[in-house]
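Report on the following structure.
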Amino acid sequence: MNAPPPDHEAAARTARAGFFYGLAAYGLWGIMPIYFKWLKAVPSIDIVAHRVVWSLAALVIFVTLARVWNQVRRAIANRKTLAILFLTSLLIGVNWLLYVYAINSGNILAGSLGYYLNPLANILLGRFILKERLTGLQWAAVVIAAGGIAVLAAGALGTLWISLTLCFSFATYGLLRKIVAVDSLAGLTVETVVLFPLALGWLMLGGAEGRPFLGTGGGSETGLLMAAGIVSTVPLLCFTAAARRLAYSTVGMLQFIAPTLQFALAVAVYGEPFTKAHGIAFACIWTALFLYVTSMVSSLRARREPASCEQAEA
């Protein structure tokens, strides 16, 4: 009979799973502007309302297939958990609305800057709230990335409120979702249930005022709005799964993937200018990411070597 794997092996598997969940989440978020640009004719608040309504439909299917209705009921029955999820639902609602507005008002770069600021907020929250330790190399990565972002911020003061609100809302959301005792799928379902009455009420009000429930752009627009549930829930589920498996500072560094893809789309596809400040910021941010990943890999190797020695001695 095989002995159970040591704790460090289980931790390594958890970290690897979290890393791939994080890659999936931020990769999908990075290309999401394409989806919202297709819906540019629809008001931002309508798009967010559809995201909530169709997300709940998708989540009902996911929860049923995963058989986690008991977790949903337990989360609702626990007052502390429900209070935190009520707050996170408001945070993610604000974040969604402002993000869609940024894209469809021609401010993709401002939105991207918000998500470039967010990793630094995650790292600092992880250090000072969750008491996660940073090595000297990791602190150097934070300083270098902050310098690059400062260059960007200096040239974007007019839209800095968009960037800062996106950063604050999502960093706080991620922190609360990390510490609340509920699974990612069950938690997201409760959050969506909280937002559902507001979203459905808004769409019904629009219908009463003569606005079509599913847009005015024909079958393609209707299909895109109905797909909002999958588009919204899949990356968010991947994110919350990553946040529960990784150090919050590591989640912060992975998040550089999404705004980098958004920058690429803004410049290469939608014709927004790539300035010298953008070039400096890119160089700083990717240098910081390289340093942080190098530090993380070295740390994982250091953990494995003592374990290998112990197994050899045994």
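Taking a straight Cα-Cα cut-off under 17 Å and skipping sequence neighbours fewer than 8 places away in the same chain, the lysines within cross-link reach of residue 80 are 178. Within the stretch 100-162, the trypsin sites (Lys or Arg not before Pro) that combine a DSSP coil assignment with at most 15 other C-beta atoms in a 10 angstrom radius are 131, 133.
Local charge for residue 184 was computed over the other residues whose Cβ lies under 11 Å away, with Lys and Arg +1 and Asp and Glu -1, and equals +2. Subtracting the Cα-Cα distance of residue 283 and residue 181 from their residue separation scaled by 0.36 nm leaves 32.9 nm.
Based on the mean of other Cβ atoms within 10 Å per residue, sort peptides 248-254, 42-48 so the most packed one is first.
Numbers: 248-254: 24.9, 42-48: 20.4.
Order by mean packing, descending: 248-254, 42-48.
Listed by chain and number, the lysines whose C-alpha is less than 23 Å from the C-alpha of residue 276, apart from same-chain residues fewer than 8 away, amount to an empty set.
Excluding residue 96 itself, what net charge comes from residues whose Cβ is under 14 Å from its Cβ, given Lys and Arg +1 and Asp and Glu -1?
Working: positive: 51; negative: 46, 191.
Around residue 96, the surrounding residues sum to -1.
Model label points for residue 9 and residue 34, set 7 angstrom from Cα along the Cα-to-Cβ axis, are 4.0 nm apart.
Would you kindly state how much longer the chain becomes between residue 275 and residue 227 on full extension, computed as 0.36 nm times their sequence separation minus their alpha carbon distance, in nm to one decimal?
Values: separation 48, 0.36 × 48 = 17.28 nm, distance 3.48 nm.
Contour length minus Cα-Cα distance gives 13.8 nm.
Quick check on the chain: take the gyration tensor over C-alpha atoms, sort the square-rooted eigenvalues as a ≥ b ≥ c, and tell me if it's rounded (a/c under 1.5), prolate or oblate. Intermediate values should be presented prior to the final figure.
Working: a/c = 2.14, a/b = 1.26, b/c = 1.70.
Taking the square roots of the gyration eigenvalues as a ≥ b ≥ c, the chain is oblate.
Relative to the Cα centre, the charge distribution of the stretch 1-123, modelled as +1 at Lys and Arg Cβ and -1 at Asp and Glu Cβ, gives a dipole magnitude of about 300 debye.
For residue 16 and residue 76, compute 0.36 nm times the residue count separating them, minus their Cα-Cα distance, and round to one decimal in nm.
Values: separation 60, 0.36 × 60 = 21.60 nm, distance 3.06 nm.
Length gained between residue 16 and residue 76: 18.5 nm.
Sequence-ordered 3J(HN,Hα) estimates for the stretch 180-196 from the Karplus curve with 6.51, -1.76 and 1.60 and θ = phi - 60° stand at 6, 8, 8, 5, 4, 5, 5, x, 5, 5, 5, 4, 5, 4, 4, 7, 4 Hz, glycine and proline given as x. In the chain, helices alone account for a calculated mean residue ellipticity at 222 nm of -28500 deg cm²/dmol, with every DSSP H run of four or more residues adding -39,500 (n - 2.57). Label sites at residue 208 and residue 69, each approximated as a point 7 angstrom past Cα along Cα to Cβ, lie 3.2 nm apart. Per residue, the convex hull spanned by the alpha carbons of the stretch 26-115 comes to 115 Å³. Determine the sum of side-chain charges near residue 174: Lys and Arg each +1, Asp and Glu each -1, restricted to other residues whose C-beta is under 15 angstrom from that of residue 174. Combined, the nearby Lys, Arg, Asp and Glu give +3.
Bear in mind that the values in this text are calculations on the coordinates, not laboratory data. These numbers come from a predicted model, not from an experiment. Because the Cβ atoms are built from the backbone with ideal geometry, glycine has one as well, and the counts that use them run over all protein chains shown.
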